[in-house]
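A short worksheet on the structure shown next.
Readers should treat all values here as calculations from the given coordinates under stated rules, not as data from a laboratory. None of these values were measured; they are calculated from a predicted model. We place every Cβ from the backbone using ideal geometry, glycine too, and count neighbours over all the protein chains shown.
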Amino acid sequence: MLNNPTQISPMIVVCGGIHSPHLTDDFVTYLLTVIGLNLSDQICIIPTTKIFPYDVLNIYNFLCQEYGQPLTSSPLIFISFSAGVVGSIGVARLWAKQGGIVKCLFAFDGWGVPLIANFPCYRISHDYFTHISCQILGATEKAFYAQPSVSHLDLWSNASSVQGYEQNKNGLEKMTIANFLKKYLIQNL
């Protein structure tokens, strides 16, 4: 739901990692269920069978072909996983540099990927070690880590069962990944 009805609705760009594409399709189905809004026409899945998820220029070109140039297109929200975080942060920075609007980026297990940007980034980690070790690569104001830990791939493929903690400026808050996603997606829609 938009804060201002005259605003253009953001597109949600989903970029999975190097895994079976059906896992990303399942994640998108889960995501739509979590949000509880009909956003299916606002979701763009990067075809990682044709474009490597870390290939910034080809993802950028794909988005330009599908939705127009940054200055004339809808604002973007990026949701990415693993190698897709590399591509997404690069594209998001380039999109913003070219005058486009990036509302935010959700980085699922983008271990080792610096999340330094002029838009909000939310880091989501499969365990506490990944969460804490990524802080030196661009600590995000709001982050989530699974507790108990889950496997790297389960963070994306079985997100519906993930419990954990949100870390924010007020400390830690126990919640599900569904609540974390819903909270910050709705804020940025």
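Descriptive notes on the structure:
- Output for segment 158-174, where each listed residue is surrounded by fewer than 17 Cβ atoms within 10 Å (Cβ to Cβ), outside any loop (DSSP other than H, G, I, E, B) and of a type outside the set (Ser, Thr, Tyr): Gln163, Asn168, Gly171, Leu172, Glu173, Lys174
- Residues of segment 78-123 that are surrounded by 17 or more Cβ atoms within 10 Å (Cβ to Cβ), small (Gly, Ala, Ser) and out of contact with any strand residue (DSSP E or B) (no Cβ under 9 Å at 6 or more places or on another chain): Gly90 alone.
- Qualifying positions in segment 34-56 - hydrophobic (A, V, I, L, M, F, W, C), over 22 Å from Ser20 (Cα atoms) and surrounded by fewer than 16 Cβ atoms within 10 Å (Cβ to Cβ): Leu37
- Subset of segment 10-32 (residues that are free of Cβ contacts under 8 Å to residues at least 60 places away in the same chain and under 23 Å from Lys182 (Cβ atoms)): Asp25, Val28, Thr29, Leu32
- Meets criteria (farther than 30 Å from Gly100 by Cβ and among the polar types (S, T, N, Q)) for Gln135: no
Matching residues to (1) touching a Ser or Thr at 6+ places or on another chain (Cβ under 8 Å); (2) under 21 Å from Ile18 (Cβ atoms):
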site	(1), (2)
Ala143	yes, no
Ser149	no, no
Ala159	no, yes
Gln167	no, no
Leu172	no, no
Ala178	yes, no
Lys182	no, no
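- For the residues Tyr60, Tyr54, Tyr30, the requirement of being in a helix (DSSP H, G or I) and within 25 Å of Val150 (Cα to Cα) singles out Tyr30.
- So Phe180, is it in a strand (DSSP E or B), surrounded by 17 or more Cβ atoms within 10 Å (Cβ to Cβ) and touching a Phe, Trp or Tyr at 6+ places or on another chain (Cβ under 7 Å): no
- Segment 140-157: number of residues that are over 21 Å from Thr29 (Cβ atoms) and surrounded by 14 or more Cβ atoms within 10 Å (Cβ to Cβ): 6
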